[in-house]
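See below for the structure under consideration.
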Number of protein chains: 2
Amino acid sequence: MPTTTSQFLNGVPELLVLRLLRDREMYGYELVEAIRAASNDKLTFAEGVIYPVLHALERDGALSTRRQTVNGRSRVYYSVTPTGKDRFDALLAHWQRVHSTIATIVETPRHA
Amino acid sequence: MPTTTSQFLNGVPELLVLRLLRDREMYGYELVEAIRAASNDKLTFAEGVIYPVLHALERDGALSTRRQTVNGRSRVYYSVTPTGKDRFDALLAHWQRVHSTIATIVETPRHA
DNA sequence: CATCATACCTAGAGACAATAGGTAATGAAT
DNA sequence: ATTCATTACCTATTGTCTCTAGGTATGATG
């Protein structure tokens, strides 16, 4: 039985994919560049990371697809379904809870 | 060649271990309880997670050990070395950079 | 005397991400 | 013409961690 998101982190590629696609549909290759750009090159997820995430999210009904050929090159556009929106909200809430817990521990001086 | 910390997260058990030991030396079993307590039961890392982390950090020179027997039970006390302090600083900085990058992306509305 | 709490430990599985490929078309450069 | 870079898709394998599930042993409690 899968644990979904280990105990806390991981699922960051998924979080970013859902976040960016929430604003507008994109195709995989575009997303890879978009994440790099949105993070000012601080985060780079190669295609080998992003494509499997897209496929998994589509399989789970979080994303829907639309195929289009542009300049002889075929693109697969992904957009977020209602299920996907819920999934994003849950992921984000989880991420924020975990982060604040860790931040508190790290910043709190211990007794004695 | 090992990547140390994937690209961003993971290494949270390590981060917390170093953080708590920075304040005072502790033995493994104690640490497990301390993390649970410090997080108000929101985070639990079982012994099977913590012990391997301790061993790896010791192997890397980030922790030093001291053995002591109390009430017939033998304890291994860990404390942070200068190397360990550096490692914690680096881990924390990395964690914070990544988090702020992700937070920015998540919170930033995209153009059109 | 059995059970629980303390205290140590490791092996194996499972979940990701990361690397390293591979296909194919277009367009620019030589 | 042909090579190379870019666009655009894809998957299989590896690697790194976390997690579960055990196992040992002592001391305290009922």
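Counting Lys and Arg as +1 and Asp and Glu as -1 over every other residue whose Cβ lies under 14 Å from the Cβ of A:VAL98, the net charge comes to +1.
Using the Cα gyration tensor of chain B, with a ≥ b ≥ c the square roots of its eigenvalues, what is the shape: rounded (a/c below 1.5), prolate (a/b larger than b/c) or oblate (neither)?
Details: a/c = 2.81, a/b = 1.94, b/c = 1.45.
Note, shape of chain B comes out prolate.
Could you work out the mean count of beta carbons from other protein chains within 10 Å of each residue's beta carbon in B:97-110?
Values: counts 2, 5, 5, 1, 7, 12, 3, 4, 11, 12, 2, 3, 1, 7.
If you average over the peptide's residues, the count of other-chain Cβ atoms is 5.
When the charge dipole of the range A:12-107 is built from unit charges on Cβ atoms (+1 for Lys and Arg, -1 for Asp and Glu) and taken about the Cα centre, the candidate among A:VAL32, A:GLY72, A:LEU92 whose Cα reaches farthest toward its positive end is A:GLY72.
Mind checking the dipole of the protein assembly as shown: about its Cα centre, +1 per Lys or Arg Cβ, -1 per Asp or Glu Cβ, Debye to the nearest 20?
Numbers: 28 positive and 24 negative charges, 1 e Å.
For this selection, approximately 0 debye.
Just how large is the dipole of chain A about the Cα centre, in debye to the nearest 20, putting +1 at every Lys and Arg Cβ and -1 at every Asp and Glu Cβ?
Numbers: 14 positive and 12 negative charges, 24 e Å.
Magnitude of the dipole: close to 120 debye.
Against chain B, whose longest principal axis is taken from its Cα atoms, helix B:28-38 shows a tilt of about 40°. Between helix A:47-59 and chain A there is an angle of about 90 degrees, using the helix long axis and the longest principal axis of the Cα atoms. Between the helical axis of A:82-107 and the longest alpha-carbon principal axis of chain A there is an angle of about 30 degrees. Estimated from helical segments only, the mean residue ellipticity of chain A at 222 nm is -18000 deg cm²/dmol, where each DSSP H run of four or more residues counts as -39500 (n - 2.57).
The numbers here are math on the coordinates, done by the rules we state, and not lab data. The structure presented is a predicted model; accordingly, all values stated were derived computationally and were not measured. With ideal geometry, Cβ positions are generated from the backbone for all residues, glycine too; neighbour counts draw on all protein chains shown.
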